[in-house]
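First comes the structure, then the notes that go with it.
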Amino acid sequence: MERTRTARTAPLILVLLALLGGCAVTDHPRTATIEPGGYEDAFRRTLATLGRLGFEPDRIDARSGVITTHPEPTGGLAEPWSRQQTTPGQEIEDLLNRQRRTVRVVFRAADEPAADGASGFDLRAHDGPYAVEVAVVIERVHRPGREVDPASVRLQWTTEDPALRARGLHPLYAVPVGRDEQLERRLAKAAAGR
């Protein structure tokens with residue numbers, strides 16, 4: 001009896017998880033336009049929004065129009081106070097995987113082509129419209145050599161690979177696995193004051 005009940009509920013749980021992952025709103029692009037004279041307010045709004053989301057700034061350069069953050073880990077559903085995730089599917093993914101996000105915001109003159117943010121002039125003196133581009137990279141953190149005894153989680157140990165240590169990949173390393181487009185849209189919207 002118990003086996004058939006589990007067999008019936010497993011597909012329902014998989015369908016629910018698939019539906020939760022597809023609830024993203026895609027009506028806001030990751031690039032926004034800022035009216036002339038609104039650069040300083042947009043820059044401050046962006047910093048404030050990043051702070052509310054728990055991101056710690058790594059680089060704040062108002063002259064060149066660049067804001068970057070340190071990688072911010074999150075536990076997904078295990079950390080209900082974290083506001084980085086936009087969808088329930090992201091909450092579940094962050095719970096099941098050790099992930100972190102890094103944000104890069106680049107302001108530029110609207111008539112200037114997209115670049116890496118190394119603008120040749122002081123953006124604070126620009127008198128035309130601005131564009132802001134947001135990139136949020138999701139990285140998955142790995143710990144090589146960690147082994148857990150199947151008899152008890154408390155019986156675990158870590159092995160060390162000298163080749164990994166020589167490459168700087170010990171005890172942790174992070175690999176980019178994608179971009180968080182929903183968070184990019186939210187940050188671009190906040191920077192534009194919408």
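The values are calculated or read from the model by the stated rules, or taken from the named source; none is laboratory data. Given the structure is predicted, the values throughout are model-derived calculations rather than measurements. Note: areas computed on protein heavy atoms with side chains; ligands, DNA, RNA excluded. Shrake-Rupley method; radii C 1.70, N 1.55, O 1.52, S 1.80 Å.
Worth a mention:
- HN-Hα J in Hz across the range 181-194 - Karplus 6.51, -1.76, 1.60, θ = phi - 60°, x for Gly and Pro: 5, 5, 5, 4, 5, 4, 5, 5, 5, 5, 5, 7, x, 9
- Hz values of 3J(HN,Hα) by residue in the range 46-60 - Karplus curve (6.51, -1.76, 1.60), Gly and Pro given as x: 5, 4, 5, 5, 4, x, 5, 7, x, 7, 9, x, 9, 9, 10
- Heavy-atom accessible area order for Leu164, Leu172, largest first, 1.4 Å probe: Leu172, Leu164
- Ordered by 1.4 Å accessible area with all protein chains kept, Thr68, Thr33 run largest first as Thr33, Thr68.
- The range 35-144: relative contact order as a whole-number percent, Cα under 8 Å and 6+ apart: 30 percent
- Accessible area of Arg52 in the full protein assembly, 1.4 Å probe (Å², nearest 10): 140 Å²
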